[in-house]
Amino acid sequence: MNFEQNLFISYAHIDDQPLTPGEKGWITRFHATLKAILSMRMGREATIWRDEKLCGNDVFSDEIVARFKQSAVLVSIVSSRYLNSEWCTREAREFCQNALQTGGLVIGNKSRVFKVIKTPVDTQEPLPAPMKELLGYEFFTVKDGVPLEFDPAYGQEYAQLYNQNVAKLAWQVAQLLKTLEAEGSASDRNGKDAGSKPQASSKPAVYLAECSYDRKQERELIDGELKRLGYPVLPDKQLPADEAEYVAAVESMLARCALSIHLVGERYGAVPDGPTAKSTGMLQNELAVARCKSGGLKRLIWLPQGTCSQQAPQQAFIEALHQDAQAQFGADLIAGAIEELRVAIHATLKKIEQPESQQPELDATGAPGAGGETRKLIYLICDQKDLKAAVPLRKFCGQLGFEVVVPAFEGDASQVRETRQQALANCDAVILYYGYGDEAWKRAIDNELRKMAGYRGSKPLPAKYTYLAEPKTGDKEDLIEMEEPGLIDGLAGLAESAIAKSIRP
């Protein structure tokens with residue numbers, strides 16, 4: 001269906017009062033900025049209408065109703081005053097009702113209604129049901145417990161955040177308008193009903209987990225990038241506040257997704273109302289683990305190095321993600337910068353969309369094995385400085401009938417990560433060569449090995465050994481005294497007899 005105007009802005013007039021006398025109001029500036037950016041995104045002048053003259057005691061006129069039928073999209077500026085205004089909430093209800101007769105309220109998996117949340121609100125109950133479920137664009141931040149709108153009156157930082165959010169909103173509106181126009185053209189060509197069901201996206205859906213406020217900016221970056229590339233991103237609506245309902249909703253969404261992404265920060269985050277008092281971050285991670293175990297879900301966790309929390313429950317969660325095999329099950333833990341996470345996301349989605357063909361035999365790096373009898377595979381993990389010192393051990397294992405591979409130390413982050421995961425997925429044994437790597441290095445490798453089950457599918461876990469090599473340290477001596485399982489003492493030289501006794505083809 002063709003619309004006379006692209007967008008209708010619904011707002012409370014009190015929200016357009018300027019903070020500084022003589023300046024333009026927030027809504028007036030929002031209208032102008034959105035029109036400018038949306039016009040650039042569309043490649044032509046955007047047509048936006050808002051009521052600039054009617055007051056709260058005017059009659060809800062036929063003019064307003066007519067504008068709904070002529071508008072492709074509604075943008076509601078949600079505030080406390082907006083929710084308390086019968087006029088504003090009626091505009092929202094009327095648009096939703098009219099949209100059902102003008103192409104439908106949802107196009108593809110996108111709503112024709114956008115919520116701009118100007119200030120925090122305690123409830124959204126006055127809004128019609130389709131709007132209450134929508135995720136909104138928050139145009140405020142909380143500083144020292146006080147909400148501050150994205151307004152230049154508060155400083156340049158807030159002006160930048162304002163422009164960035166308007167740009168994100170304009171992009172999403174432009175994409176929806178493009179889809180609406182394409183649907184209308186297809187209907188005209190084929191004689192189909194304008195309300196016919198559009199074709200679903202062919203790309204895999206991604207669950208981008210809700211996060212605490214300190215990771216919100218990075219989450220919005222990932223969300224915008226995935227949507228720009230055409231990936232359906234969930235949650236795509238407001239999740240329930242009740243814990244049981246929240247869990248059910250997340251389980252349903254995870255079942256539709258091929259990848260889940262979790263951004264973990266120092267804040268504990270929101271806690272649904274329920275018996276466990278667990279944060280949304282913890283609940284989503286647990287539900288993603290369960291989904292991963294049942295098959296069909298890849299997982300990425302972004303936990304930048306040095307992340308810690310002064311909140312005891314969150315610190316315990318962070319430590320579990322580092323050390324607990326259950327908490328990190330099936331996940332690739334990214335400890336680098338946000339760019340490393342982005343690379344990992346694109347690499348994982350590429351593997352999901354372009355799965356490798358079935359191969360009869362794979363070596364530990366994922367390459368095809370030679371014909372005939374296949375030798376068992378050992379993944380020997382060492383520090384780069386130990387490569388030369390580990391040569392005698394590698395040769396001896398070869399004499400015992402094993403194929404031995406070592407980690408990749410060159411290439412971009414995604415290639416190194418993929419090679420490591422392939423090795424852990426396909427090997428028959430793992431030897432941790434504890435030489436020049438320090439105690440922190442060993443603990444990091446131990447944490448990585450706890451995630452092996454998620455890489456191996458139905459394959460049993462491989463045997464794991466720790467090979468002690470020079471130089472001597474207090475930690476290595478402690479391992480000997482504690483008689484750690486799978487320990488091979490090579491501090492005095494190549495321990496051939498111990499190796500042959502412990503590791504058998």
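The values are calculated or read from the model by the stated rules, or taken from the named source; none is laboratory data. Every value quoted in this text rests on a predicted model; they were computed, and no experiment measured them. All Cβ positions, glycine included, derive from the backbone under ideal geometry; neighbour counts span all protein chains shown. Each accessible area value is taken on the protein alone, full model and side chains, heavy atoms only, with ligands, DNA and RNA left out. Shrake-Rupley method; radii C 1.70, N 1.55, O 1.52, S 1.80 Å.
Can you flag which of Lys115/Lys143; Lys118/Lys168; Lys35/Lys132; Lys395/Lys501; Lys24/Lys69 are past 20 Å Cα-Cα? Checking Cα-Cα distances, Lys115/Lys143; Lys35/Lys132; Lys24/Lys69 exceed 20 Å. Applying the Karplus relation 6.51 cos²θ - 1.76 cosθ + 1.60 with θ = phi - 60° to the stretch 253-267 yields 3J(HN,Hα) values of 6, 4, 5, 8, 10, 9, 9, 10, 10, 10, 9, 10, x, 8, 8 Hz, where x marks Gly and Pro.
For helix 26-42, what angle does its Cα long axis make with the longest principal axis of the chain, in degrees from 0 to 90 and rounded to 10? Roughly 70 degrees, rounded to the nearest 10. The distance linking the stretch 85-157 with the stretch 401-445 is 49 Å (Cα centroid to Cα centroid, whole angstrom).
When a 1.4 Å probe is rolled over the protein heavy atoms, the share of accessible surface on the chain that falls to carbon and sulfur comes to 50 percent. For the pair the stretch 1-44 / the stretch 270-321, the C-alpha centres are spaced 39 Å from each other. Between Trp441 and Ser252, the distance separating the two model label sites (each 7 Å from Cα on the Cα→Cβ line) works out to 5.0 nm. Distance distribution note for the stretch 252-308: the fraction of Cα pairs above 14 angstrom is 58%. The convex hull drawn around the Cα atoms of the stretch 208-365, when projected onto a plane and averaged over every direction, covers 10.2 nm².
Accessible surface calculations at 1.4 Å, restricted to protein heavy atoms, place the stretch 280-354 at 44 Å² per residue.
The share of Cα pairs per 20 Å bin across the chain, counted from zero up to the longest distance, runs 19, 44, 25, 11, 1 percent. Extending 7 Å from the Cα toward the beta-carbon at both Ala241 and Asp122 defines two label points whose distance is 1.0 nm.
Residues whose amide H lies under 5 Å from that of Ile381, counting only those 5 or more places away or on a different chain, are Ile431, Leu432, Tyr433; hydrogens are built 1.01 Å from N in the peptide plane.
Relative to the longest principal axis of the Cα atoms of the chain, the long axis of helix 312-323 makes an angle of roughly 50 degrees.
Here is how the number arises for the chain: DSSP H runs of 4 or more residues each give -39500 (n - 2.57), the sum is divided by the residue count, and the result at 222 nm is -12500 deg cm²/dmol.
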